[in-house]
Amino acid sequence: MHGSSLTIDIDNICGDQQVGREDYVAVEEPLEIQLGSATASGAAAKSISITMRTPGNDVELALGFLYTEAIISDRRQIVGAEHKGPEAPGSGLKNIVLVELKPDVEVDLGRLQRHFYTTSSCGVCGKASVDALRVTGRKSLKDKGATYSRKLIVDLPAKLLDQQRLFSQTGGLHAAAVFDDNGQIIVVREDVGRHNAVDKVVGALLLNDQLPAENLGLLVSGRASFELMQKALVAGLPTLVAVSAPSSLAVELAKEFGMTLIGFLRGNKFNIYAGRSRIT
C-alpha cells in the first residue's frame, strides 16, 4: 500500500509477448459519513451516507458533502470531524468520519433522504430535479464570478495534469480543481468518484473560509453531470469547466442559474454551453 494506491503483480500482454511486472492501482474503499450533535439528552450520531472513495482527505470529503447537500452552510457550525471505527482488515484504514455539529444546528434528514431519491437513477424527471433546487432558495449566479480569456481556459488541463500525482501512477482517478482569474490552480483533489473529488475540493475551501467561492472556477477531469453542476452551484462557483461532455440536465441547470458551462476542453478547443459572457 502506498498512500492511496496499491502495488500488485500483473501480467503485461503486448502482442505475443507476456511479461510479469508490478503495477499501481487506485485504492477504493467505503467511507461512512456520520453526523453527530451534542444534545441535552447526550451525544447522538446518525449514519447519513456511504460512498466508495479513494482514501485521503476524508474529512474534506465529509465536510464538502455536507456543504454541497446543504446540511451545513458555515464552518462555524462544526464542532469537529475525525475518523472513527475499527481498522479495516488489510489496509488498516478507519473508514468512518464522524462530523459533530453544534447543538443549535437544525438538520432536516428527511429533506436529505428525499434529495437522494430524486438524484438517483429512479426515473424522476430532470425538471423535478431543477425545481427541487429552486425550492431550496438557490439564487442565480448571473452577476457573480470572474471572466476568463480563451487562452487561460485552454491552458488549464496541462496545469491540472501536472498536479495529478495519483493519476500519473494509476491512470484510474478523476480530478477536480479550483482556479482563480489568473488561471492559477488553487487546490486539486483526486478520487475514484468524480463527485467525491468535487466534495473534497469544496471541503478544502470550506476549511479555508473561501465559500461561497464566487471568484473561482471549477475544473473537472471528466464529464459534467447534473450532480457536479449542483455542487458547483451550492458552493457558489459560477464557472464549471469539463474536459469531457456535459449532460442535458447540466446545461439546463447552468442556464437556469446563470452559470458558465464549458465542455470538451481538448487541445485549443472547447464548447461553451451556457454563460458565454464570462469568456473573453
Applied in sequence order to the range 198-208, the curve 6.51 cos²θ - 1.76 cosθ + 1.60 (Karplus, θ = phi - 60°) yields integer Hz couplings, x standing for Gly and Pro, of 5, 4, 4, 5, 5, x, 5, 5, 4, 5, 9
Within the range 139-278, percent of DSSP bridges classed antiparallel, to nearest 5: 65 percent
Counting only other residues whose beta carbon sits under 9 Å from that of Q77, what net charge do I get with K and R as +1, D and E as -1? +1
Which aspartates and glutamates have a Cα lying under 20 Å from the Cα of K94, excluding residues fewer than 8 positions away in the same chain? E28, E29, E32, D58, E60, E82, E190, D191, D199
Under 5 Å, built H, 5+ apart or other chain: amide partners of Y148: I279, T280
In the range 139-278, if the dipole is taken from +1 on Lys/Arg beta carbons and -1 on Asp/Glu beta carbons about the Cα centre, which of V202, S225, A177 is farthest to the positive end? S225
By the scheme Lys and Arg +1, Asp and Glu -1, what is the net charge of all other residues having a beta-carbon under 12 Å from that of I185? -1
With r as the distance between the Cβ atoms of V107 and D143 and R0 = 41 Å, compute the FRET efficiency 1/(1 + (r/R0)^6) and round to 0.05. 0.85
Calc'd 3J(HN,Hα), the range 227-236, phi into Karplus 6.51 cos²θ - 1.76 cosθ + 1.60 (θ = phi - 60°), Hz, glycine/Pro = x, comes to 4, 5, 4, 4, 5, 4, 4, 5, 7, x
Taking placed amide H atoms and a strict 5 Å upper bound, the residues 5 or more places from K84 or on another chain that come that close are I96, V97, L98
Output the pairs from K231/K255; K139/K269; K46/K144; K139/K200; K46/K200 with a Cα-Cα distance over 27 Å in this structure; if there are none, say none. K139/K269; K46/K144
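N215 to E87: FRET efficiency via 1/(1 + (r/R0)^6), r the Cβ-Cβ distance, R0 45 Å, to the nearest 0.05?
Taking R0 as 45 Å, the efficiency between N215 and E87 is 0.65.
Between Q17 and K159, what is 0.36 nm times their sequence separation minus the Cα-Cα distance? Round to one decimal in nm. Could you put the intermediate results ahead of the total?
Numbers: separation 142, 0.36 × 142 = 51.12 nm, distance 3.60 nm.
47.5 nm is the gain from fully extending Q17 to K159.
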For T260, distant residues with modelled amide H under 5 Å away: T239, L240
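No value in this document is a laboratory result; all are computed from the given coordinates. All values reported here derive from a predicted model rather than from experimental measurement. No Cβ is skipped: glycine too gets one built from the backbone with ideal geometry, and neighbour counts run over all protein chains shown.
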